[in-house]
Amino acid sequence: MINRHLARLALTAAALWALTLPVLAQVLPPLRTSTADAAAVADGTDPVSDPLDDPLADPLADPAAPPEDSAAVRVLAPPPVTETVAARPRRLTRPRPDPYAPLGMRASVFDFHPSLEVGGVATSNARRSADKADADVGLRLRPAVAFQSDWLRHSWSGEASSEFIRFLDKDNPSTVTASAKTDFRLDVRRTTHADFSLHYDLTQTGAGSREVATDAVDPRRDHALGGSAALSHDFGPLETTARLGVERAFFSDVKRGDGTTEDNSDRAYTEPTLNLRGTYRYGAAINPFAEASYGPRLHDSTRDRNGLKRNSHGLALRAGFSFDDGALWNGEMAVKYLVRDYADPALKTIQTVGLDGSLAWRPTELTTAVLTLGTELNESAAATSSGTRKWAARLDLTQALLENLDLKFNIGADYEKGDGGADITATAGTGIEYMFNPMLAVAGGYSGTFFHGSEPGDDWTDHRVLASLIWRY
C-alpha cells in the first residue's frame, strides 16, 4: 500500500515538473550564450530568437512593421553591478520621528502648536540691582503659539511667545517680555521668490545698564517693531537678494527713587534699511556669501535731552559662509563691520568689527549644540557718548538622556564698551525636562546672571531657581 502511494506521488511530481519546464524556459534568461548562437555571432549573423525573449522588445508591436529609423533613440541597458561593496552613509540624513513631539492642531491648511508653561521662580535679586538686592519668589507664566502652512507652493509661518513674572513683594518690579514674528514666502518662478516678514520684540533694561539710572524703581521697557520685503533670484549658482525694510524703536519712561521720572521719548527713532546679499551655491555644504546694508536713523526729536542731534547714517558689511549639511549642522557665520556717522559734529563717528551669526551642530541624534555670536552698535543718551559697541556670545547644549528626558546647559557673555568704560554681563544655567507624553512635561533649572559695571559699586549678581509644568499641543 505504501509503495503504491509513493508511486502515485512520484508520478504527480514528474507531471508537475514537466508542465513547469516550458514556463521556466520562457521566463528565465539563459545563463550563458549557446554554442550555436556564439557561432552565428562570429559569422556576423544574428541567431534566430523569439521576440518575447528580448526584454526590450514590445510584445504588442506588429512583427511585419518596418524597422525603426537608425537615428531613433535607443534604450541602453544599465551597466552591470560591480562586486564592490556600497559605501555606508556616514550620518543620518533624516532624523527619526520623535514619539514625544507635539501633536499640533489642524485648521484648514495650517498646523498650530500652542503651549503654556506655568511655574514658580525664586530669586536672590529681584531688581537685579546693586543698591537693593531683595530675595523673593514669584509666579511665572510663559504662553506661546506657532503655526506653519501646508501648501504645495509658497509658505507662511509664524510664532509668538511672552513671559510674565510677578513677585510676591509688590515693591519688586514685574518682568514682562514678548516676541512675535511671521514670514511669508511667495514662489514667483522656479528661480525667483519673494519674502515678507514682520516682527515685534519687547525687552527690559534694568538699573544695572549704563543707560538706565542706578536708582530706577522699574526697568525700562524697550519696544522694537519692523517689517521687510525681499526679492530673490538665482543666476545659476549665484543667489541674489534685495531687501527693503523699516525698523521702529521706542522706549518707556522710568520712575526713579527720588520721585522723578526719566523721559525717554528722545530715544525713539525710525530706521529704513536697504540690504543687498549674494550667495554662491555650488552644491557643497559650505557656501560663501556677502551682504551690505544701509540704514539712516531718524529720531522723533530733533535734539535729545542734551541738545545733541542724534540722527545718523549707518553702514553694515557682512562676509562669511552659510552651512547646510543635513541633520549634522546648519546655520551661518560671518565677519561683520559696522560704522555710524552722526549729524551733530560733537558726536564722533563710531565703528566696530566682530563676528555675527548662529551655528547648530548635532554630532549625534542625542546631542545638539548651538553657538550664537553677535556684534552691535547701540544708541546712547549720554552727553559725551555717540553710542556703545556690544559683542555677545552664547552656547546652548542639549543632551537627551532618554527619549523623554533632556538635560540642558547654557553659558553666555555680553561685552558692551562705551566712552566711560565697559560693562560685562555673564550668564550660566542648567535645567532638565521630563516629558510624560507629547502634551505634558515638567521642567526645573537654575540660571545665574553676573554683572560687572564700568563704575564702582555697579556690580550685582542674581541667582534664580525655576520649576514649571508645561502643556503643549
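Can you tell me which of Ala422, Ala400, Ala441 is hydrophobic (A, V, I, L, M, F, W, C) and within 21 Å of the chain's Cα centre (by Cα)? Let's see the steps before the verdict.
Numbers: Ala422 fails: within 21 Å of the chain's Cα centre (by Cα); Ala441 fails: within 21 Å of the chain's Cα centre (by Cα).
Exactly one of Ala422, Ala400, Ala441 is hydrophobic (A, V, I, L, M, F, W, C) and within 21 Å of the chain's Cα centre (by Cα), namely Ala400.
Could you run through segment 163-198 and say how many residues are buried (at least 18 other Cβ atoms within 10 Å of the Cβ) and closer than 26 Å to Val118 by Cβ?
Residues that pass the stated criteria total 5.
Where residues in segment 237-257 are of a type in the set (Asp, Glu) and surrounded by 16 or more Cβ atoms within 10 Å (Cβ to Cβ), which of them is farthest from Thr273 (Cα to Cα)?
Taking segment 237-257 as the starting set, the residues that turn out to be of a type in the set (Asp, Glu) are 239, 247, 253.
Those left that are additionally surrounded by 16 or more Cβ atoms within 10 Å (Cβ to Cβ): 239, 247.
On the way: Glu239: 20, Glu247: 8 Å.
Among residues in segment 237-257 that are of a type in the set (Asp, Glu) and surrounded by 16 or more Cβ atoms within 10 Å (Cβ to Cβ), the one farthest from Thr273 (Cα to Cα) is Glu239.
Could you run through segment 388-419 and say how many residues are open to solvent by 50 Å² or more (accessible area, probe 1.4 Å), over 26 Å from Met333 (Cα atoms) and of a type in the set (Asp, Glu)?
Selection size over segment 388-419: 2.
Residue by residue through segment 120-139, note down the ones that are assigned to a strand (DSSP E or B) and among the polar types (S, T, N, Q). Steps first, please.
Taking segment 120-139 as the starting set, the residues that turn out to be assigned to a strand (DSSP E or B) are 120-123, 136-139.
Hit for segment 120-139 is Thr123, nothing else.
Filter segment 320-355 down to the residues that are assigned to a strand (DSSP E or B) and open to solvent by 70 Å² or more (accessible area, probe 1.4 Å) and list them by number. Break it down stepwise before answering.
The first filter runs over segment 320-355 and keeps only residues assigned to a strand (DSSP E or B), leaving 320-324, 329-342, 350-355.
Passing the criteria: Phe321, Asp324, Val335, Tyr337, Asp341, Gln351, Val353, Leu355.
If you scan segment 141-155, which residues turn out to be farther than 14 Å from Ser115 by Cα and either of a type outside the set (A, V, I, L, M) or outside any loop (DSSP other than H, G, I, E, B) (or both)?
Step one: of segment 141-155, the residues farther than 14 Å from Ser115 by Cα are 148-155.
Gln148, Ser149, Asp150, Trp151, Arg153, His154, Ser155, listed by residue number.
Give Arg305, Arg310 a once-over and let me know the one that is surrounded by fewer than 17 Cβ atoms within 10 Å (Cβ to Cβ), modelled with pLDDT under 95 and not aliphatic (A, V, I, L, M).
After applying the criteria, what remains is Arg305.
In this structure, does Asp136 turn out to be touching a residue at least 24 places away in the same chain (Cβ under 8 Å), open to solvent by less than 40 Å² (accessible area, probe 1.4 Å), touching an Asp or Glu at 6+ places or on another chain (Cβ under 6 Å) and under 29 Å from Asp458 (Cα atoms)?
Yes.
Output the residue which, of all residues in segment 217-229 that are over 25 Å from the mean Cα position of the chain (by Cα) and not acidic (Asp, Glu), is modelled with the highest pLDDT.
Arg221
Can you tell me which residue within segment 336-383, out of those that are of a type in the set (D, E, K, R) and farther than 20 Å from Ser209 by Cβ, is farthest from the chain's Cα centre (by Cα)?
First, pick out the residues of segment 336-383 that are of a type in the set (D, E, K, R): 336, 340-341, 344, 348, 356, 362, 365, 376, 379.
Now drop any that are not farther than 20 Å from Ser209 by Cβ, which leaves 336, 341, 344, 348, 356, 362, 365.
Working: Lys336: 20, Asp341: 33, Asp344: 40, Lys348: 37, Asp356: 15, Arg362: 13, Glu365: 17 Å.
Of everything passing the filter in segment 336-383, Asp344 is farthest from the chain's Cα centre (by Cα).
Please specify each residue of segment 252-302 satisfying the condition of being in contact (Cβ under 8 Å) with a residue 60 or more places away in the chain and among the hydroxyl-bearing types (Ser, Thr, Tyr).
If the condition is that a residue be in contact (Cβ under 8 Å) with a residue 60 or more places away in the chain and among the hydroxyl-bearing types (Ser, Thr, Tyr), then Tyr269 is the only one that fits.
Take the conditions under 30 Å from Gly120 (Cα atoms), without any contact (Cβ under 8 Å) to a residue 60 or more places away in the chain and touching a strand residue (DSSP E or B) at 6+ places or on another chain (Cβ under 8 Å) and apply them to Thr375. Does it pass? Please lay out each step first, then the result.
Values: under 30 Å from Gly120 (Cα atoms): no; without any contact (Cβ under 8 Å) to a residue 60 or more places away in the chain: yes; touching a strand residue (DSSP E or B) at 6+ places or on another chain (Cβ under 8 Å): yes.
No.
Of the residues that sit in segment 189-216 and are closer than 13 Å to Ser252 by Cα and among the β-branched types (Val, Ile, Thr), which one is farthest from the chain's Cα centre (by Cα)?
Val212
Can you report the number of residues in segment 264-301 which are at pLDDT 90 or above and assigned to a loop (DSSP other than H, G, I, E, B)?
Within segment 264-301, residues that are at pLDDT 90 or above and assigned to a loop (DSSP other than H, G, I, E, B) number 4.
Looking at (1) touching a residue at least 40 places away in the same chain (Cβ under 8 Å); (2) under 30 Å from Leu402 (Cα atoms), which one does Ala334 not meet, given that it meets all the others?
It fails just one condition, (2).
Take Asp136 and tell me if it is farther than 25 Å from Ile470 by Cβ and either touching a strand residue (DSSP E or B) at 6+ places or on another chain (Cβ under 8 Å) or of a type in the set (Asp, Glu) (or both). Before the answer, list the steps.
Numbers: farther than 25 Å from Ile470 by Cβ: no; either touching a strand residue (DSSP E or B) at 6+ places or on another chain (Cβ under 8 Å) or of a type in the set (Asp, Glu) (or both): yes.
No; evaluated as a whole, the condition is false for this residue.
The values are calculated or read from the model by the stated rules, or taken from the named source; none is laboratory data. The model shown is predicted, which means the values in this text are computed figures rather than measured ones. Here the Cβ is made from the backbone with ideal geometry for all residues, glycine too, and neighbour counts use every protein chain on show. Protein only, heavy atoms only, side chains kept; ligands, DNA and RNA dropped before computing areas. Shrake-Rupley method; radii C 1.70, N 1.55, O 1.52, S 1.80 Å.
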